[in-house]
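Participant: Questions regarding the structure given below will be posed in turn.
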Number of protein chains: 4
Amino acid sequence: MLKETSTLTVQVEGTSERPVGIAVVGLGYWGPNLLRVLSENFDSEVRWICDLDRERLQRFRRRYTGARTTTRIERVLADPDVDAVIIATPVHTHYDLAAQALHAGKHVFVEKPLASSSALADDLVGLARMRDRILMCGHTFLYSPPVRAIKGMIERGTLGDIYFISSSRVNLGLHQRDVSVIWDLGPHDFSILLYWLSELPKSVRAVGRDSIVKGIADVAFVTMTFASGIIANVELSWLAPSKLRRTVLVGSERMVIYDDGSSEPVRLFDRGVVYRDPETFGEYHLSYRSGDVISPRMESYEPLGLELSDFVRAIRSGDNLEFHTALARSVVTLVEAADRSLDEGGREVVLDLGASGGSLQGHQDLAAVV
Amino acid sequence: MLKETSTLTVQVEGTSERPVGIAVVGLGYWGPNLLRVLSENFDSEVRWICDLDRERLQRFRRRYTGARTTTRIERVLADPDVDAVIIATPVHTHYDLAAQALHAGKHVFVEKPLASSSALADDLVGLARMRDRILMCGHTFLYSPPVRAIKGMIERGTLGDIYFISSSRVNLGLHQRDVSVIWDLGPHDFSILLYWLSELPKSVRAVGRDSIVKGIADVAFVTMTFASGIIANVELSWLAPSKLRRTVLVGSERMVIYDDGSSEPVRLFDRGVVYRDPETFGEYHLSYRSGDVISPRMESYEPLGLELSDFVRAIRSGDNLEFHTALARSVVTLVEAADRSLDEGGREVVLDLGASGGSLQGHQDLAAVV
Amino acid sequence: MLKETSTLTVQVEGTSERPVGIAVVGLGYWGPNLLRVLSENFDSEVRWICDLDRERLQRFRRRYTGARTTTRIERVLADPDVDAVIIATPVHTHYDLAAQALHAGKHVFVEKPLASSSALADDLVGLARMRDRILMCGHTFLYSPPVRAIKGMIERGTLGDIYFISSSRVNLGLHQRDVSVIWDLGPHDFSILLYWLSELPKSVRAVGRDSIVKGIADVAFVTMTFASGIIANVELSWLAPSKLRRTVLVGSERMVIYDDGSSEPVRLFDRGVVYRDPETFGEYHLSYRSGDVISPRMESYEPLGLELSDFVRAIRSGDNLEFHTALARSVVTLVEAADRSLDEGGREVVLDLGASGGSLQGHQDLAAVV
Amino acid sequence: MLKETSTLTVQVEGTSERPVGIAVVGLGYWGPNLLRVLSENFDSEVRWICDLDRERLQRFRRRYTGARTTTRIERVLADPDVDAVIIATPVHTHYDLAAQALHAGKHVFVEKPLASSSALADDLVGLARMRDRILMCGHTFLYSPPVRAIKGMIERGTLGDIYFISSSRVNLGLHQRDVSVIWDLGPHDFSILLYWLSELPKSVRAVGRDSIVKGIADVAFVTMTFASGIIANVELSWLAPSKLRRTVLVGSERMVIYDDGSSEPVRLFDRGVVYRDPETFGEYHLSYRSGDVISPRMESYEPLGLELSDFVRAIRSGDNLEFHTALARSVVTLVEAADRSLDEGGREVVLDLGASGGSLQGHQDLAAVV
């Protein structure tokens, strides 16, 4: 397929100001990607790289000569040239590091999930609001072209009413040592579902199994029901013969298959069932409709680049990212609920949707590619 | 792919006897297939074709000149030359017709599911035993080459311990007017699972939705847990962008993808996770194993032909098909339980496994291709 | 995929007349299909079935009770109730049988290819014209929905100028005993190409090999160049790991993949290269364009049914099928030329395009589905 | 699919010596890859980076701080610490740069194709022999796991006698400004074919078209015939709806599909035709054989890493890489011949196979992964 290397440029207000000073904390699996992307074309500058492993630090110091390195977060937070801290450490450390950074008056970008419990996630959100700082969570899929293309279809009514969503996210590996597959893979699907539907489910069920390591579920089937009537099934597994990231959305007007990693990741099916009311005909009548299948052209850019530029944009503009933050909190709520259901053998866990009735508030206009 | 038109021959004891006299009841979707297959090479003879629709009867009379036609089942059952009745009518009529036929001393082959409730299914089984007649249910998938190939892998230990099974059976159409998608499509997957595992699940959950016709669920996600620890997720739907009949089995030694309708319906993955015990190493250690992928050559024959010849063989030999009958009963039990769970919003329905603990009794040696 | 069983109805002028009387000659691989289709809903009646094999005749007599059977073509041709003869015998017999039938004043439908040499094909065409009879050749692909959908795209300019066409028609089997793979499989692709392009190539080359049976090429790569500049490569083989019938058309505006047997047989790619002239810019400039991919919904009917109804329609209306006949002759010319090139080690064989310059004359409006 | 990140270690004799000093010339499309790979774990050190574009030089200087940069090749060649020069510049400059480097006593690695004509390629080979220096050409595919897996199958007789090979290498882009698609894409397939067959074809034909830019063929169908009877068809194109790199090998025992870029790049089909001699039976008899399909597990390493380590190994050990050099020369011969045939409208170009009869000399044991 034709790869278009469209250069990504993002409008940032007041670019005459000095670049936003960034510190990256954590050089594990994802940290190096963040560093690489931050080093390209952004209105930001990496000032510190922080990790507990001195050897790793040294390796990256050679590559990013402009940044200082340290094993001590305190040194990072004490630097007034650091405007924002990007945290890519294990989940159980997210809260402490993010809270420290917010207390130090820094903007914070935390890898997903936001925190290891909804209580801690709420704490972080409250703290960010109190200190008037940006708190963003790295739900990169929200910036991926296929996910956004489908969001657009839903908003334009292309699919009609959504009846149900069925999703599989499976491959062989990588087992986590301390959390279930729901904590590991769930945030991907849950963030996408919440983004598409702007709605939290009212109840969750999960059945799973700890096939390999006692106490760590490596496969889970999660079922959600929404107040709007939509149901969703999400299969998550570290044990699978081949990699699959596939989501099917069935709507009253059209259906979509989203196959991440395919050369045609979004396929729109102009198919459906037409129902004629029994009142008119004595007996209801169904007919099937079958039209073209379309693979829309996808934008071509790196989602992580757009996401980080959105973070910088929010810092510049003071946008509090209300929808995004609400979504990140809800992902933790959902993971927590699903994990609890799994622990209790699949018992239904009803979510407290609060005053909003589960609908996510705030404007959803994530940065567009300009 | 090379289509081998291997001629199917089945050993039948005492072929010197007269052919088994057969009556076919019901000329709807499946009946004509049964007629076509029965008219080819078997140690049987169709003596009656019975349907309520005279026009249909007439059409088939011209094609099967050896058979008599009638709209009245009584005439069929009164004929001493009829040894066996094959019932391919709507589910809600299975019990009455089968019971009448058994009372008349006929052997009975009923299309799946066996009956519209487990109580009625039990009744039929009891009646057949009392009258010493064969009662067989048309679970044709048990005779399909891919399903049997996987059964063989399981029995030979090729897969190791099975951890979980994930299945999807979806396409656009055909809505049933009176029963949910679980009654319509569930028997396929449930019969296959029971055949492979020789075990009934201990509990079932189903979440679904009646997207199109009020009260008739057209999509369902069914989750089963087995006493052995295996879990299974089955997605059933009449609403899907494209046809999919795909089952994944994940075992401790190998994994299998069964994709019915593909030119390579069974693909065996020599992949897995190796777990080393924490006792020995202080901390457990996981490594991933990846080997060849094999698509075994499939036998090439029509499953329905093998199934009907097995029915005739059982009549000849007096084999009571204990395993097969137990399986057919269990399928009804399972469908009933899943449907109840769906009606109750996904509540767990615990199955009464009885003395057997859910394990299916009886020898499983279905007729092999000779 | 949704299978629509749209009933095919074809308008025929003067349906008040008696049905067209048909004789079918040849009960090999294709004859039974012709019989089956003729027996359904047409303005025709099969009066004779003719084959040299008495046992085969008997088998089909039972199925088609309205028709008489014979091993002697003379009896068929002598019957004044026979209006048309359909010939589905081995290629080397086409000429004799068709010529006899035309001499007897019958309309003729011959399976493809029309005759075993272009000289004989010309003879038949001349004879048909002289006797004012319809002579049609069974190029069924011209009636298949994907082939016609692409014809429509070409005519509407959807593809722009066609640059080249690349095609593969391969599978394992079935070797012919007396002719090369070019005679066996070539007519399919050649008829499709001629139909799409309405143009005969000006030269042909073929390189092949007789891998299995000495003297019978079982693989051939055929390259054609057209006066319009188009080039085409056709791979034909009886030796292949898996079945493939795939044709790619590359045009200046769009590209198409035709994959016969796929659930989405036509895929239209809105992709191309945009060339800006060097005169304007000092140096030419290329840019790549990439848009949606579309799988248009295909009509759903049996091509053979439409083809035979077109034959009957031509008999009724006196349409001489000029384009169709010219195409059938050209297919033989092309097969002959490619086979000669193959025999001569790939030497270029230049075709004598005559006064028409290779362009096929006559209206091309094959019967549409009404 | 499971990605195994097996660390690649290569045995090098006398690793106590100082690292081999390397200069990289050319920072276009491929040069940066060479630099990246050279900077990882090898018994070599990049001392110079050379390119005519100062800005590019500066960008890479920052990344590879150990290397000096220059726009003047003379400075590189004058440095006695440079043992070897790696040339990744446009094809028309290969000869001059390589010749200069060899004259300066450096070992040389040139990107493919070796030179822009077979005469120049011969010159370089002669020069390298005279100066006793290694001359290697970057045919990276010879180090790719699937290509080597198939080489192994051929050598072990798994495929039996090879009948023919059919290959497609097409995608949308990237047009070259000065050479045809044969010079651009042909070296890939030709090097693979020569490696597999150890034999040069005796004649070549190519038919193509300059669809977009006058005089620059952007599509070509190349047909080769080998003395052994094998024929090969290679489709090359910069104009295609979707990327395809697919080669089919048909042998007397088995068949293989090599699909580069697929998660299962090699698929071995245990299928074939069995021929029984007419002498025994009066008439020959064919039967078809169909067995399993196997996707062998592929080694997981970066081919470029193995290739460059092989270059370093050859420098250390004095291995003159006879087979490899003969292959690189033959690739140029083949490209030249195909291009000439294309220019002459597809005329057969017979290759002068010399004393060897076209068979490639020298041991073929490319470095194995240890």
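The values are calculated or read from the model by the stated rules, or taken from the named source; none is laboratory data. Everything numeric here is computed off the predicted structure, so don't read it as measured data. No Cβ is skipped: glycine too gets one built from the backbone with ideal geometry, and neighbour counts run over all protein chains shown.
Participant: Return a yes/no flag: does segment A:306-326 have any residue that is without any contact (Cβ under 8 Å) to a residue 60 or more places away in the chain, of a type in the set (G, A, S) and surrounded by fewer than 22 Cβ atoms within 10 Å (Cβ to Cβ).
Facilitator: Yes, segment A:306-326 has at least one match.
Participant: Only one of (1) in contact with a Lys or Arg (Cβ under 6 Å, 6 or more places away or on another chain); (2) buried (at least 23 other Cβ atoms within 10 Å of the Cβ); (3) facing chain D (nearest Cβ under 8 Å); (4) not acidic (D, E) is not met by C:L239, so which one is it?
Facilitator: The one condition C:L239 does not meet is (1).
Participant: Inspect all residues belonging to segment B:19-27 and state whether any of them is within 25 Å of the chain's Cα centre (by Cα), exposed (fewer than 15 other Cβ atoms within 10 Å of the Cβ) and in contact (Cβ under 8 Å) with a residue 40 or more places away in the chain.
Facilitator: No.
Participant: So, in segment B:288-337, exactly how many residues are among the aliphatic types (A, V, I, L, M), assigned to a helix (DSSP H, G or I) and under 14 Å from B:F109 (Cβ atoms)?
Facilitator: 7
Participant: A further question follows. B:I154 - would you say it is of a type in the set (V, I, T), within 14 Å of another protein chain (Cβ to nearest Cβ) and either surrounded by fewer than 22 Cβ atoms within 10 Å (Cβ to Cβ) or within 17 Å of B:S198 (Cβ to Cβ) (or both)?
Facilitator: no
Participant: Right, something else. Keeping to segment B:162-188, report how many residues are of a type in the set (A, V, I, L, M, F, W, C) and outside any helix (DSSP H, G or I).
Facilitator: Looking only at that region, the number is 7.
Participant: D:G160 passes all but one of (1) more than 14 Å from every other protein chain (Cβ to nearest Cβ); (2) on the phi > 0 side of the Ramachandran plot; which number fails?
Facilitator: Against the list (1) more than 14 Å from every other protein chain (Cβ to nearest Cβ); (2) on the phi > 0 side of the Ramachandran plot, D:G160 comes up short only on (1).
Participant: Go through the residues of segment B:194-215 one by one and say whether even a single one is surrounded by fewer than 22 Cβ atoms within 10 Å (Cβ to Cβ), of a type in the set (D, E) and closer than 24 Å to B:S144 by Cβ.
Facilitator: Within segment B:194-215 (the criterion being surrounded by fewer than 22 Cβ atoms within 10 Å (Cβ to Cβ), of a type in the set (D, E) and closer than 24 Å to B:S144 by Cβ), the answer is yes, since at least one residue qualifies.
Participant: Being on the phi > 0 side of the Ramachandran plot and within 11 Å of another protein chain (Cβ to nearest Cβ) narrows it down to one residue among B:G261, B:G318; which is it?
Facilitator: Among B:G261, B:G318, only B:G261 is on the phi > 0 side of the Ramachandran plot and within 11 Å of another protein chain (Cβ to nearest Cβ).
Participant: From the residues in segment B:243-262 that are in contact with a Leu (Cβ under 8 Å, 6 or more places away or on another chain) and among the hydroxyl-bearing types (S, T, Y), which one is surrounded by the fewest Cβ atoms within 10 Å (Cβ to Cβ)?
Facilitator: B:S252
Participant: With the checklist (1) surrounded by fewer than 22 Cβ atoms within 10 Å (Cβ to Cβ); (2) out of contact with any His (no Cβ under 9 Å at 6 or more places or on another chain); (3) in a loop (DSSP other than H, G, I, E, B) in hand, flag the one item C:L159 doesn't pass.
Facilitator: Status for C:L159: all satisfied but (1).
Participant: Taking A:V250, is it outside any loop (DSSP other than H, G, I, E, B), of a type outside the set (G, A, S), touching a residue at least 24 places away in the same chain (Cβ under 8 Å) and at the interface with another protein chain (Cβ under 7 Å from one of its Cβ atoms)?
Facilitator: Yes; evaluated as a whole, the condition is true for this residue.
Participant: Additional query: Within segment A:202-218, which residues are touching a residue at least 40 places away in the same chain (Cβ under 8 Å) and either under 22 Å from the mean Cα position of the chain (by Cα) or part of a loop (DSSP other than H, G, I, E, B) (or both)?
Facilitator: Selection gives A:K202, A:S203, A:V204, A:R205, A:A206, A:I216, A:A217, A:D218.
Participant: Condition test on C:R267, is it facing another protein chain (nearest Cβ under 10 Å), in a loop (DSSP other than H, G, I, E, B) and surrounded by fewer than 24 Cβ atoms within 10 Å (Cβ to Cβ)?
Facilitator: So C:R267 fails the test.
Participant: Checking the conditions here, which among B:S228, B:S191 is more than 12 Å from B:L334 (Cβ to Cβ) and either outside any strand (DSSP E or B) or within 7 Å of another protein chain (Cβ to nearest Cβ) (or both)?
Facilitator: Only one candidate passes the filter, namely B:S228.
Participant: In segment C:243-277, what residues are under 22 Å from the mean Cα position of the chain (by Cα) and under 16 Å from D:V170 (Cβ atoms)?
Facilitator: Selection gives C:L244, C:R246, C:T247, C:V248, C:L249, C:V250, C:V256, C:I257, C:Y258, C:D259, C:R267.
Participant: Moving on to the next point. Based on this model, can you work out whether B:A240 counts as assigned to a loop (DSSP other than H, G, I, E, B), of a type in the set (G, A, S), closer than 30 Å to A:I216 by Cα and touching a residue at least 12 places away in the same chain (Cβ under 8 Å)?
Facilitator: no
Participant: In segment C:275-287, how many residues are more than 9 Å from every other protein chain (Cβ to nearest Cβ) and either under 22 Å from A:S295 (Cα atoms) or part of a strand (DSSP E or B) (or both)?
Facilitator: Qualifying residue count for the region: 3.
Participant: Take B:E199 and decide whether it is under 20 Å from the mean Cα position of the chain (by Cα) and either more than 12 Å from chain A (Cβ to nearest Cβ) or not small (G, A, S) (or both).
Facilitator: Answer is yes for this residue.
Participant: Next up: Can you list the strands (runs of 3 or more DSSP E) found entirely within segment B:41-143 that contain at least 2 residues being under 25 Å from B:S330 (Cβ atoms), more than 14 Å from chain C (Cβ to nearest Cβ) and modelled with pLDDT of 95 or more?
Facilitator: Filter on segment B:41-143 gives B:84-87, B:107-111, B:135-138.
Participant: Within segment A:67-86, count every residue that is basic (K, R) and either buried (at least 20 other Cβ atoms within 10 Å of the Cβ) or closer than 12 Å to A:G26 by Cα (or both).
Facilitator: Of the residues in that region, 1 qualify.
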